Amino acid sequence: MTSLDRFKPPSDDRPYVAECEWCRGEIRAGDEVKRIDDGGGYVHNGFGFDCAGKYADERVYDAMGTINIRGEID
Ligand SMILES: [Zn+2]
């Protein structure tokens, strides 16, 4: 057996543990995640994934823009 025979790509054989609540992609053991406080579930929070941020934006905020003097978003 050579060293090449033992080489494995880093992401192939890590066990599947959950489905991301934002992108519906696989979450595997070793992934960086955030856990959702109500209802459970996990979202990706690793490098190159902004599932946690996008999920929070959608659930927490219902408008975005510049606030005016009446306290409304234009
Ligand atoms: Zn995700």
Check your understanding: Quick one: length gained pulling E72 to D13 fully straight, 0.36 nm per residue minus the C-alpha distance?
Key -> 16.2 nm
Revision key, fill the gap. Residue by residue through the stretch 18-24, the couplings from Karplus 6.51 cos²θ - 1.76 cosθ + 1.60 with θ = phi - 60°, in Hz, x for Gly and Pro, are 6, 9, 5, 6, 9, 9, 6
Check your understanding: For the stretch 50-65, in order, what is each residue's ³J(HN,Hα) by Karplus, 6.51 cos²θ - 1.76 cosθ + 1.60 with θ = phi - 60°, in whole Hz (x at glycine and Pro)?
Key -> 10, 4, 4, x, 5, 4, 5, 4, 5, 7, 9, 10, 10, 8, 8, x
Review point. If r is the Cβ-Cβ distance from R24 to A63 and R0 is 25 Å, what FRET efficiency results, to the nearest 0.05?
Key: 0.45
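Since every read-out is calculated from the coordinates, none of them should be taken as a lab result. Bear in mind that the values here come from a model prediction, so they are computed numbers and not experimental data. Cβ coordinates were reconstructed from backbone atoms using ideal geometry, including for glycine residues, and neighbour counts include every protein chain displayed.
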